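All remarks here apply to the structure that follows.
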Amino acid sequence: MSESQSATVASIRQLRTQIPGPKSRELHAAREKAVSSGFGVTSPIFIDHVEGSMLVDVDDNKLIDFASGIAVTSVGAANPKVAEAVAAQAKSAIHTCFMVTEYQGFVDVCAKLNELTPGDFDKRSALFTSGAEAIENAVKIARAYTGRPAVVVLDHAYHGRTHMTMSMTAKNVPYKQGFGPFATEVYRTPTAYGFRWPNGRENAASEALAMLKEMVLTQIGAGNVACIVAEPIAGEGGFIAPEPGFLKGVQDFAREHGIVFVADEIQTGFARTGTLFASEFENIEPDLITTAKALGGGMPISAVTGRAEIMNAAPVGGIGGTYAGNPVACAAALAAIEVIESDDLVGRAKQIEAVAMPRLESFVQSSPYVGEARGRGAMLAIEFVTDDGITPNADAAKKVAAQANSQGVLTLTCGTFGNVIRLLPPLIISDEELDEGLDVIGEAIDAL
C-alpha cells in the first residue's frame, strides 16, 4: 500500500487499492465486450453497495460521493425508507400500466406534486419515466394548448438525449454530434450568464431579456411561440444561475403574449438548491414544471405539473407511456418526498452551501485557474480558466476531476466548454465527509 493510501485508512474515505481497483478493472474489461461504447463513464469503478452517503466499490474502497448519480440520490443511494417502499410495492404489483388499470400510487404522486410545486392555482400532473420524456411531453402539451409550433430555449441548456430534447440542448459534443438532422421550430437565445457576459455582470439580465424579446417579437413572431423552456439553473451547461431578474422577466413576457413558460427542474428540483424548487428563488410560478431525478429517490420516474387548463389541453390518449408512473417508482417517489420533508433536506442543502461555498470561493482566491465559484444549496460548481482569468480551461477541470476520483472523491465535470467541476453531494452527507472531499479537490487544484 502506498503512503498516500495508508494515510487515508483512518479518514472517512477508505482506499484499500488504487482507484479503480483490480476487481473494477476486470469488470470494466468485461463491460467493454458487452456494452456499447456509446455509453460514457466518469470513472471505471464498479459499486458493490452503499453505506449512508458513501459508495463502497467491489474492491472495498469507500468513496465520498459528490455526484449523487447526477442529482438523483439526494436522500441517499440506499435510503431505508425508499428501499422498504420499493420492496413492499414489488410484492404487491410491479407493473400493470396506468392506462390499462389504475392504481392509487400514481394518483398520490400527482396530488403531491400539485401541492408542492410553485403556484397558487388549480393544477394537474402527468407521470412519465425519464427527464427527457417529461420535457417532450411539456412541449406537446404547450403546443396542444396554444396551437402554436415554436419552442424557445436558452444558451447552455441541456434538456435530454431524445430527438426533440437533443434539438433543444445547446452543446454539440457529445450530445448531438452525428445525430442530426434535428427538430425544426426550436430557437435559441442567450441566457444571463454573468461571469461571461460581454458587457459585465450588471448588464446581463436586462440585455439577455431584451435579446429574447427581440427574437420572439421580430424573428419568430410571438403568435407562433408555444413555449419558452428554461432551467432555473443550467445543469449540464455549467451550473449557471442566470442573473437575478432575468427569468422573472422571461416569465412575465411569456404571460403577456400567451406563451407557456416551462421550468425544467429535472436537476434542480426537490431540495437540491436550498428551496424545494429552484423557481422559488425568484418567486417564479411556471405554467408547467418538469421534474425527475431526485423525485424517485433512485427509481426512474418523471413528471409534468402545471395549470389545469394547460395540462388538460392534450387530447385523451395523447400523452402516456407503457412504463409511465410505474407503481414501484411511484412508491419510491412518495417515500423520497416524505424523507425530504421529514428530515428537512431543504434546510440541509442550505447548510451544505454554508460549509462548501466559502471553501470554493477560497479556491478562486488561491488559484489563477479557478475563475468563479457559484451555485445554490447543494448544487455548486467551480469554473476553470486559463491564467488570463476568462478563457475556458477544460484541461484543468479534467485534471482536477481525475485526481479527485483517483483519491476516492467521485466528481463530475460539466459545462458547454467542459471546464466546470460540479458538486452534487447527497443531501444526507455529513459535514465531515463534505470537508474531506473538498480537501481532496483543493489538493488537486494546488497541484495544477
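The C-beta contact set for the stretch 89-118 (first residue not assigned by TED's automatic domain parsing to the domain that holds ASN326, second residue surrounded by 13 or more Cβ atoms within 10 Å (Cβ to Cβ), distance under 8 angstrom, 6+ apart or interchain) is empty. Out of all the residues in the stretch 201-238, which are surrounded by 17 or more Cβ atoms within 10 Å (Cβ to Cβ) and assigned to a loop (DSSP other than H, G, I, E, B)? Hits for the stretch 201-238 are GLU231, PRO232, ILE233, GLY235, GLU236, GLY237, GLY238. Within the stretch 241-262, being surrounded by 18 or more Cβ atoms within 10 Å (Cβ to Cβ), in a loop (DSSP other than H, G, I, E, B) and among the small types (Gly, Ala, Ser) holds for one residue alone: ALA241. Filter the stretch 43-76 for residues that are assigned to a loop (DSSP other than H, G, I, E, B) and closer than 26 Å to ALA333 by Cβ and give the result. Correct list: GLY52, SER53, PHE66, ALA67, VAL72, THR73, SER74, VAL75, GLY76.
When VAL420, VAL440 are checked against the criterion of being in contact (Cβ under 8 Å) with a residue 40 or more places away in the chain, over 22 Å from the mean Cα position of the chain (by Cα) and surrounded by 19 or more Cβ atoms within 10 Å (Cβ to Cβ), VAL440 stands alone in meeting it. Being within 16 Å of VAL225 (Cα to Cα) and of a type in the set (Phe, Trp, Tyr): is that true of TYR175 here? Answer is no for this residue. Evaluated against (1) charged (D, E, K, R); (2) at pLDDT below 95; (3) more than 24 Å from TYR193 (Cβ to Cβ), GLU282 falls short on exactly one condition, (3).
The values are calculated or read from the model by the stated rules, or taken from the named source; none is laboratory data. The shown structure was predicted, so the numbers you read here are calculated from the model rather than taken from an experiment. Because the Cβ atoms are built from the backbone with ideal geometry, glycine has one as well, and the counts that use them run over all protein chains shown.
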